[in-house]
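**Student:** This structure is in structure tokens; I'll ask about it shortly.
The values are calculated or read from the model by the stated rules, or taken from the named source; none is laboratory data. None of these values were measured; they are calculated from a predicted model. Backbone-built Cβ (ideal geometry, glycine too); neighbour counts: all protein chains shown. For the accessible areas, the whole protein counts, side chains as well, though only heavy atoms, and no ligand, DNA or RNA atoms are used. Shrake-Rupley method; radii C 1.70, N 1.55, O 1.52, S 1.80 Å.
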Amino acid sequence: MKSMLWFTIGVAAGFAVAHQVNRTAQGREFFEGLDAKARAFGRAVAEGYHAREAELRAAADAE
């Protein structure tokens, strides 16, 4: 129970710090770059998933 309390406090503190950092021009630039990288990673994962799914469907149809 105690560790859950500390985890919650840590998450809240992280959000508070991120909010303060996001108020600066450099902070916004940092978070925009981070967001772009996360979106690119998500797209790459989705593309890989769909490519592999197509391979498996083609292999299943060939049998």
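**Student:** Inspect segment 10-24 for any residue being among the basic types (Lys, Arg) and in a helix (DSSP H, G or I) and give the result as yes or no.
**Tutor:** Just the residues of segment 10-24 that are among the basic types (Lys, Arg), to begin with: 23.
Checking which are in a helix (DSSP H, G or I) leaves us with none.
Scanning segment 10-24 turns up no residue that is among the basic types (Lys, Arg) and in a helix (DSSP H, G or I).
**Student:** Separate question: Only one of Val45, Val17, Val21 is open to solvent by less than 70 Å² (accessible area, probe 1.4 Å) and among the β-branched types (Val, Ile, Thr); which?
**Tutor:** On the way: Val45 fails: open to solvent by less than 70 Å² (accessible area, probe 1.4 Å); Val17 fails: open to solvent by less than 70 Å² (accessible area, probe 1.4 Å).
Just a single option satisfies the conditions, and that option is Val21.
**Student:** Of Arg28, Arg57, which residue is assigned to a helix (DSSP H, G or I), within 22 Å of the chain's Cα centre (by Cα) and surrounded by 10 or more Cβ atoms within 10 Å (Cβ to Cβ)?
**Tutor:** Unique residue meeting the criteria: Arg28.
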